[in-house]
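For reference, the structure is listed below as structure tokens.
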Amino acid sequence: MFFWLANFIIALGQVTLAGAFASYYWAFKKPDDMPAFPLFSSFGRALRYHTGSLAFGSLILAIVQVIRVILEYLDHKLKASENMFAKFLLTCFKCCFWCLEKFIKFLNRNAYIMIAIYGTNFCTSAKNAFSLLMRNIIRVAVLDKVTDFLFFLGKILIVGSVGILAFFFFTQRIKLIQDTAPTLNYYWVPILTVIVGSYLIAHGFFSVYAMCVDTLFLCFLEDLERNDGSTEKPYFMSSHLRKLLKKTNKQTDA
């Protein structure tokens, strides 16, 4: 029950963010065609129409996580055992269910984006999202690696900067605030606390950015496949992105 509830709350947050970011992308005249409060509008739609889909996706993930907990418990009990075959088999199961959990998280995340865009049920959204990503597998791989690297650098930069500032502050090496800085015998404890806190905050903010990137990327792929720049099917991507891809809208770019 705990895993189900925790995953449902995460799913609700993801589909809310996805709906807000998607409303920006699919607004033909930005920001005139956007809702006044996109985040609250998306949250309301998620609660009113999509709770069943979110609960179903969360349940699938929760079942896998419960199985992983059971496997960890069995592994702990078998540590004193000399049955090598049982240990090997258990290790294989743990590896398989770890991979399965990662895959389901990836699939759920993209399914929630499709739910936010089209309002379809979970199974349809998951199938459409997976098919769309597989048709653009090279773009998916490149974007995934580039964004992961940039987010990693961003976190390192933030945590490193905060850690250095905390070190100079608590060791009273900043002349401007020497009188206000506390005198500590063991300053590593507050420094480590600040570093851990800054990492958690940075991780939270970058998680929102990651959801934004994933949502806009799926919208971009849908835009390329469904539209051709004609008067009947204009591109919804920004003019800067159209110029980068050498795409034009006959109606607006003429």
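The values are calculated or read from the model by the stated rules, or taken from the named source; none is laboratory data. All of these numbers come straight from a predicted model, not from anything done at the bench. Because the Cβ atoms are built from the backbone with ideal geometry, glycine has one as well, and the counts that use them run over all protein chains shown.
So in the stretch 68-107, with the set limited to residues that are among the aliphatic types (A, V, I, L, M) and closer than 29 Å to Ile10 by Cα, which one is surrounded by the fewest Cβ atoms within 10 Å (Cβ to Cβ)? Please lay out each step first, then the result.
Initial filter on the stretch 68-107 (among the aliphatic types (A, V, I, L, M)): 69-71, 74, 78, 80, 84, 86, 89-90, 100, 104, 107.
The next check asks that each one be closer than 29 Å to Ile10 by Cα; those that pass are 69-71, 74, 100, 104, 107.
On the way: Val69: 10, Ile70: 12, Leu71: 18, Leu74: 13, Leu100: 14, Ile104: 19, Leu107: 20.
Looking at the filtered set, the residue picked out is Val69.
Tally up the residues in the stretch 229-241 that are touching a Phe, Trp or Tyr at 6+ places or on another chain (Cβ under 9 Å) and more than 18 Å from Leu218 (Cβ to Cβ), please.
Start the filter on the stretch 229-241 by keeping residues that are touching a Phe, Trp or Tyr at 6+ places or on another chain (Cβ under 9 Å), which leaves 229, 234, 236-238, 241.
So of that shortlist, the ones also more than 18 Å from Leu218 (Cβ to Cβ) come out as 229, 234.
Counting residues in the stretch 229-241 that are touching a Phe, Trp or Tyr at 6+ places or on another chain (Cβ under 9 Å) and more than 18 Å from Leu218 (Cβ to Cβ) gives 2.
Test Ala141 against the criterion of being in contact (Cβ under 8 Å) with a residue 24 or more places away in the chain and either exposed (fewer than 12 other Cβ atoms within 10 Å of the Cβ) or closer than 22 Å to Glu222 by Cα (or both), and give yes or no.
Numbers: in contact (Cβ under 8 Å) with a residue 24 or more places away in the chain: no; either exposed (fewer than 12 other Cβ atoms within 10 Å of the Cβ) or closer than 22 Å to Glu222 by Cα (or both): yes.
When the stated conditions are applied, Ala141 does not pass them.
Pick out the one residue from Gly44, Gly13, Gly57 that is farther than 21 Å from Ser207 by Cα and surrounded by 13 or more Cβ atoms within 10 Å (Cβ to Cβ). Lay out the reasoning, then the answer.
Working: Gly13 fails: farther than 21 Å from Ser207 by Cα; Gly57 fails: farther than 21 Å from Ser207 by Cα.
None of the others qualify; the one that does is Gly44.
How about the stretch 93-117: which of its residues are modelled with pLDDT of 90 or more, farther than 10 Å from Ala129 by Cβ and of a type outside the set (D, E, K, R)?
Cys95, Cys96, Phe97, Trp98, Cys99, Leu100, Phe103, Ile104, Ala116
If we keep just the residues of the stretch 191-235 that are acidic (Asp, Glu) and at pLDDT below 90, which is nearest to the chain's Cα centre (by Cα)? Break it down stepwise before answering.
Initial filter on the stretch 191-235 (acidic (Asp, Glu)): 214, 222-223, 225, 228, 232.
With the extra rule that they be at pLDDT below 90, the set shrinks to 222-223, 225, 228, 232.
Details: Glu222: 19, Asp223: 21, Glu225: 23, Asp228: 29, Glu232: 33 Å.
Restricting to residues being acidic (Asp, Glu) and at pLDDT below 90, the top hit is Glu222.
When only residues in the stretch 186-231 that are part of a helix (DSSP H, G or I) and among the polar types (S, T, N, Q) count, which is nearest to Met134 (Cα to Cα)?
Thr215
Of all residues being touching a residue at least 40 places away in the same chain (Cβ under 8 Å) and not β-branched (Val, Ile, Thr) in the stretch 144-159, which is nearest to Glu225 (Cα to Cα)? Just the residue, please. Even if it seems obvious, please write down each step before you answer.
In the first step, residues of the stretch 144-159 are kept if they are touching a residue at least 40 places away in the same chain (Cβ under 8 Å); the result is 147, 151, 154-155, 158-159.
Next, from what is left, pick out any that are not β-branched (Val, Ile, Thr): 151, 154-155.
Numbers: Phe151: 28, Gly154: 32, Lys155: 34 Å.
Ranking the candidates gives Phe151 first.
So Leu54 clears everything in (1) within 27 Å of Leu224 (Cα to Cα); (2) touching a residue at least 24 places away in the same chain (Cβ under 8 Å) except one condition, right? Which one?
Failing condition for Leu54: (1).
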